[in-house]
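Q: Handing you this structure, nothing more for now.
The values are calculated or read from the model by the stated rules, or taken from the named source; none is laboratory data. What you are looking at is a predicted structure, and each value in this text was computed from that prediction instead of being measured. Positions of Cβ are backbone-derived with ideal geometry, glycine not excepted, and every protein chain shown enters the neighbour counts.
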Amino acid sequence: MSLLEVNNLCVKADNKNILNGLNLKIEQGEVHAVMGPNGSGKSTLASVLMGHFGYEVISGGIWFCGQDLLRLKPEERSFCGLFLAFQYPIAVPGLTVEHFLRTAFNAHRDKKGEKTIKPQEFRQYIQPELELLKIKNDFLDRSLNDGFSGGEKKLLEILQLTVLKPKLAILDETDSGLDVDAMKLVAKAVNHLLKTKIAMLVITHYQRILHYIKPTHVHILTAGKIIESGNINLVKKVERAGYRQFEIDNVKE
Amino acid sequence: MINQYSYGFFDDIKPIYSIPPGLSSRVVEEISFIKNEPVWMRKLRLKALAAFNKRIVPNWGADLSGIDFQAICYYLKPSERQESTWEKVPEKIKKTFDRLGIPQAEQKFLSGVGAQYDSEAVYHNLKEEWKKQGVIFLDMDSGLRAYPEIVKKYFGTVVPLNDNKFAALNTSVWSGGSFVYVPRGVQVTVPLQAYFRLNAQNMGQFERTLIIAEEGSVVNYVEGCTAPVYAVDSLHCAVVEIIAKPYSRVRYTTIQNWSNDVYNLVTKRAIAEEGAIVEWIDGNFGSKVTMKYPSVFMKGRGSRADVLSLAYAGNGQHQDAGAKAVHLATDTSSNIVSKSISRGGGHTTYRGLLHIAAQASNAQSKVKCDALLMDAQSRSDTYPTMDIKTCDAQVEHEAVVSKVGEEQLFYLRSRGLSENEATGLIVSGFIEPIARELPMEYAVELNRLIELEMEGSVG
């Protein structure tokens, strides 16, 4: 049984076909990169995996740890061990980062039958993760993503990832908006997590992030379909000649 | 659940006095007679009644057509004697307060409690040190008996008896409320707290509060209301008057949570003299209809008004609330933050007035209205009136209507929060700027209230 198995997934949004028979298999500890041009369906894939309401699954299936993911609510998918680092994290004014993080963390512990962490102990509890990402304590007092820079938002996504420790993390365009230093911090945290057999699905337009997070598998997504899969060499191919070469191949088929 | 009022219990205490329902000069005279009031107050009441009868029910704002003034009971007295210690408070009444959490609150936070049970205060305790400082904190009836000169000097000077129909009604039938006097230079560090509660079917509550802060004094007055549920429409019609003398600072905090059948029509007004600061913090939950616009008349140079208000309207509720800032002197400034939440077909209205008079040069004002709509059936309107007679005023106005976004919910849910939890966090975040200004136990209660209101929000 694979960790994640996507079979012939067809998805519509606003009456438009976005994913057209997508297949993907991810095993524990693997790092999959899905690359593709704008509008190829990359973010739709991420959203559908996490259970976003705005999409209609026409056919196909998604299995995660042997469970039919399409039957589960977003929070249930989270409890199963799925995590999405958002491309555009959402602001919730007045809700502090700490309160949010603690509530989510304790929801997971509660689900697993573990004791929840008291408010006064929580900061101490996540100190290693904060240090890993060089996040200062006062960051936790701010309103969730409210007035954050692009880089701060992405760092917070990775902080959530390291605190919640899922089985599969989807990174949706995590490198956009990150400067080199922040990118290195993210890479350090992600690579640290990879030692724990976590699997990753890295969705990206550019190859930059893949210099820091080495994929074991690379897929090219165009027009809602994975049209080529391979190893890291595929990244170089994109780097040399862009995505158009694949589209032309596609037409020839 | 929104329609199941959480504090909707009531007990069966028999009032010692009860005047039959209805409003007439006889009823007004009877009230004054029972209270053994000075002649001037009785005359004032009767004059106010005449003003009430002359005025029509306002036809702007919320729908008030459901009020039957003759079906309402205007006076009720549960126990005869004013109680001075907690031990002497009747057991039944104690039990009611117990369920409202008052004794615990007292142990932890309160230093003085003036609680109004029906129309009279039954419990009153003021710290010795305040007495020494000359601070007066009494229910209004006792205040009138003990300090008739002070009351006579200020009563009705901020809200005249003919100010509006409901102020006239309150002036004619008022009972209870608080009387606070803070002498010159005295800083009251612990909030003065009072709890109000309706407890007789179909009876109105007409409390009258008067706060006088002498020069350079500081006082923070806090009140909270909860009421039992009744099927028949009920009326709460209060008047609050604040006189903030030069360089004084008065903060008045209210969290009201009336049951869903109450018409809540309150006139709150303050006069700020030179350099004085008046702050209204006003949270309105529950009720069928609320009309309330805390006002500050900045009469003295350099005075300041801060109004922070929160309104929550659920199914069948209309919260028509806002603020009025009246700049009458130079270098005055006002800051109004109004937040509203509408859910399940609830209706919130922000109705505000900013008036800057010709002589009020160098005035500053900032008005911010945030409305949160929880669903497509709910409604929110904003009516900000601005009347500015100077050229050098700095005025900012901002109005934002937002929805509890599907994207916000999805984001929080993707981390393992249920839809209810996520909604609760979003709403708590929305009201956080107000919650953080409240005394601790009120902030806790407010958050509990929000949680309660959000339960079952997912259909």
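Q: Which numbered condition trips up A:P93, out of (1) at the interface with another protein chain (Cβ under 9 Å from one of its Cβ atoms); (2) in a helix (DSSP H, G or I)?
A: Condition not satisfied by A:P93: (2).
Q: Kindly check whether there is at least one residue in region B:334-347 that is of a type in the set (A, V, I, L, M, F, W, C) and without any contact (Cβ under 8 Å) to a residue 12 or more places away in the chain.
A: Within region B:334-347, none of the residues are of a type in the set (A, V, I, L, M, F, W, C) and without any contact (Cβ under 8 Å) to a residue 12 or more places away in the chain.
Q: Here are the criteria: (1) out of contact with any Lys or Arg (no Cβ under 6 Å at 6 or more places or on another chain); (2) touching a residue at least 24 places away in the same chain (Cβ under 8 Å). Tell me which single one A:N20 does not satisfy.
A: Evaluating A:N20 over (1) out of contact with any Lys or Arg (no Cβ under 6 Å at 6 or more places or on another chain); (2) touching a residue at least 24 places away in the same chain (Cβ under 8 Å) leaves (1) as the failure.
Q: Filtering region B:349-387 down to residues that are of a type in the set (G, A, S) and at pLDDT 95 or above, which residue is surrounded by the most Cβ atoms within 10 Å (Cβ to Cβ)?
A: Among residues in region B:349-387 that are of a type in the set (G, A, S) and at pLDDT 95 or above, the one surrounded by the most Cβ atoms within 10 Å (Cβ to Cβ) is B:A363.
Q: While we're looking at this one, here's another question. Inspect region B:361-384 for any residue being within 14 Å of chain A (Cβ to nearest Cβ), among the small types (G, A, S), within 30 Å of B:R304 (Cα to Cα) and not in a strand (DSSP E or B) and give the result as yes or no.
A: Scanning region B:361-384, I find no residue that is within 14 Å of chain A (Cβ to nearest Cβ), among the small types (G, A, S), within 30 Å of B:R304 (Cα to Cα) and not in a strand (DSSP E or B), so the answer is no.
Q: Among the helices (runs of 4 or more DSSP H) confined wholly to region B:386-459, which include 3 or more residues that are closer than 30 Å to B:A363 by Cα?
A: B:419-435
Q: What do you reckon, is B:L64 at pLDDT 90 or above, within 30 Å of B:L438 (Cβ to Cβ) and not polar (S, T, N, Q)?
A: Judged against the criteria, B:L64 is a match.
Q: Same structure again: When only residues in region B:406-434 that are touching a residue at least 12 places away in the same chain (Cβ under 8 Å) and surrounded by fewer than 19 Cβ atoms within 10 Å (Cβ to Cβ) count, which is farthest from the other protein chains (Cβ to nearest Cβ)?
A: Result: B:N420.
Q: Please give the number of the condition B:I388 fails out of (1) aliphatic (A, V, I, L, M); (2) over 26 Å from A:K73 (Cβ atoms); (3) within 9 Å of chain A (Cβ to nearest Cβ).
A: Going through (1) aliphatic (A, V, I, L, M); (2) over 26 Å from A:K73 (Cβ atoms); (3) within 9 Å of chain A (Cβ to nearest Cβ) one by one, B:I388 breaks only (3).
Q: Sticking with this structure for a sec: What is the number of the single condition among (1) in contact with a His (Cβ under 6 Å, 6 or more places away or on another chain); (2) touching a residue at least 40 places away in the same chain (Cβ under 8 Å) that B:S303 does not meet?
A: Result: B:S303 fails condition (1) only.
Q: While we're on this one: If you take the residues of region B:284-300 that are closer than 22 Å to B:L438 by Cα and free of Cβ contacts under 8 Å to residues at least 60 places away in the same chain, which of them is surrounded by the most Cβ atoms within 10 Å (Cβ to Cβ)?
A: For region B:284-300, the residue satisfying everything is B:V296.
Q: Tell me the residue from A:V48, A:V97 that is at pLDDT 95 or above and in contact with a helix residue (DSSP H, G or I) (Cβ under 6 Å, 6 or more places away or on another chain), please.
A: One residue alone meets the criteria, A:V97.
Q: For region A:45-68, what are the residues that are farther than 18 Å from B:R415 by Cβ and within 14 Å of chain B (Cβ to nearest Cβ)?
A: Of everything in region A:45-68, those that are farther than 18 Å from B:R415 by Cβ and within 14 Å of chain B (Cβ to nearest Cβ) turn out to be A:G54, A:Y55.
Q: Going by what's in this entry, would B:E437 be described as closer than 22 Å to B:E279 by Cβ, of a type outside the set (A, V, I, L, M, F, W, C) and within 14 Å of chain A (Cβ to nearest Cβ)?
A: Yes: the conditions hold for B:E437.
Q: Oh, and also: In region B:50-70, what count of residues is obtained for those that are exposed (fewer than 10 other Cβ atoms within 10 Å of the Cβ) and either touching a residue at least 12 places away in the same chain (Cβ under 8 Å) or part of a helix (DSSP H, G or I) (or both)?
A: Residues flagged as exposed (fewer than 10 other Cβ atoms within 10 Å of the Cβ) and either touching a residue at least 12 places away in the same chain (Cβ under 8 Å) or part of a helix (DSSP H, G or I) (or both) within region B:50-70 amount to 2.
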